[in-house]
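Written out below as structure tokens is the structure these notes cover.
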Amino acid sequence: MADGWRAVPEMVGKALRATRPAHYPLIASDGQRHFPLDWRELARPSGADGGVHVGTGSIQYLHPVATCFNLIARAQSARLSQTETQFEAIQAGLHALLQAQGADGSFRYPVPVPRYGLQPGWSSALAQGLFVAAVSETVDRLNASDRGRAYDAVGAAVDHMMTPVDKGGCTVTDELGIFLEECPKDKPPYILNGAALAVIGLSCSSDASHRMIADEAAESLARRMGAWDLGYWSRYDLQDPSPSSPDYHALHVSVIRALDGRFPDAGFDEWAIRFADQASSPVNRGRALGSLAVRRVLDVARGRR
């Protein structure tokens with residue numbers, strides 16, 4: 001316990017230094033198929049196979065979400081600069097994702113998530129949805145054979161995502177409709193950014209049935225938005241009553257704006273304005289950071305570093 005308490009000043013300091021959230025601008029799009037958030041400055045280095053690999057020691061794996069974001073970033077750069085300099089990296093990254101996809105269409109994580117009690121082998125609606133967006137952004141740069149394989153993989157990815165959580169998939173169904181869960185479990189945490197990005201990714205599909213699912217999931221998400229509003233800040237999920245970090249609050253503002261652009265009749269506009277107003281208030285930011293610092297201290301006290 002003494003070692004834990006010695007870490008408190010560092011942990012609190014880290015929380016209080018998080019006053020400059022990342023910027024997540026929207027990007028001009030000429031249609032639904034393109035991913036609406038500009039990810040070009042947030043790409044990460046990829047491996048020789050085109051994928052982003054994480055982990056240490058004997059557990060190293062291709063991270064599907066980071067790899068999808070890298071593909072989207074490269075495709076955005078190529079499209080907006082009108083060059084083909086990204087072609088080989090795009091092709092390699094997509095092939096790496098296709099190799100990582102399971103026979104059931106899923107992208108599995110070989111590591112646990114203690115926060116949500118997930119054991120290795122879990123899948124995520126976030127990864128499944130972003131894969132749809134990554135293929136939509138890059139498929140024009142593939143040959144006919146690879147393009148057909150990519151479309152088949154998208155269909156399998158969506159089928160897995162829409163499988164109920166209790167049957168091994170990523171979709172929660174309750175009185176408010178369907179919810180695309182980033183970390184599926186029997187008692188879902190309802191993670192806001194994961195669901196929003198999964199819906200956005202799904203809406204990029206050229207398949208009309210996929211876009212219908214996206215419409216349904218967006219309307220359901222819009223009906224829930226009040227649950228993540230603390231009155232002064234947004235929550236990351238519905239499992240923890242604490243405010244989200246400034247970085248995730250900024251992401252919430254951007255993804256909700258993107259959802260409003262894709263689904264203008266769903267009612268996201270009021271939430272985009274509300275969360276943006278909260279972010280612009282120094283009082284609200286200070287309150288959120290203070291609450292996060294207190295949570296850090298309590299986590300140490302409970303042995304949850």
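Considering helices alone, the calculated mean residue ellipticity of the chain at 222 nm is -16500 deg cm²/dmol, with DSSP H runs of length four and up weighted by -39500 (n - 2.57) and normalised per residue.
The magnitude of the dipole of the chain, with charges of +1 and -1 set on the Cβ of Lys/Arg and Asp/Glu and taken from the Cα centre, is near 1220 debye.
Length gained on full extension, GLN239 to LEU98, computed as 0.36 nm times the residue gap minus the Cα-Cα distance: 47.5 nm. Applying 1/(1 + (r/R0)^6) with r as the Cβ-Cβ distance of LYS167 and THR56 and R0 = 41 angstrom yields a FRET efficiency of 0.80. Taking the centroid of alpha carbons for each part, the stretch 151-180 and the stretch 251-268 are 21 Å apart. Modelled label positions at ASP152 and ASP229, each set 7 Å beyond Cα in the direction of Cβ, lie 4.7 nm from each other.
Using only alpha carbon pairs under 8 Å that are at least six residues apart, calculate the relative contact order of the chain and give it in whole percent. Don't skip to the end; give the middle numbers.
Values: 530 pairs, mean separation 58.9, N = 305.
That works out to 19 percent.
Translational diffusion coefficient of the chain (Stokes-Einstein, Kirkwood radius from Cα pairs, 10 °C, 1.306 mPa s): 79 µm²/s. For the Cα atoms of the chain, what angle does the longest principal axis make with the long axis of helix 246-262, in degrees from 0 to 90, nearest 10? Computed tilt is about 40 degrees. Close amide H pairs (under 5 Å, H built 1.01 Å from N) link ARG108 with GLY102, residues at least 5 positions away or on another chain.
Where a number appears in this text, it was derived from the coordinates with a stated rule and is not lab data. The model shown is predicted, which means the values in this text are computed figures rather than measured ones. Methodologically, a virtual Cβ is constructed for each residue, glycine included, from the backbone with ideal geometry; neighbour enumeration extends over all protein chains shown.
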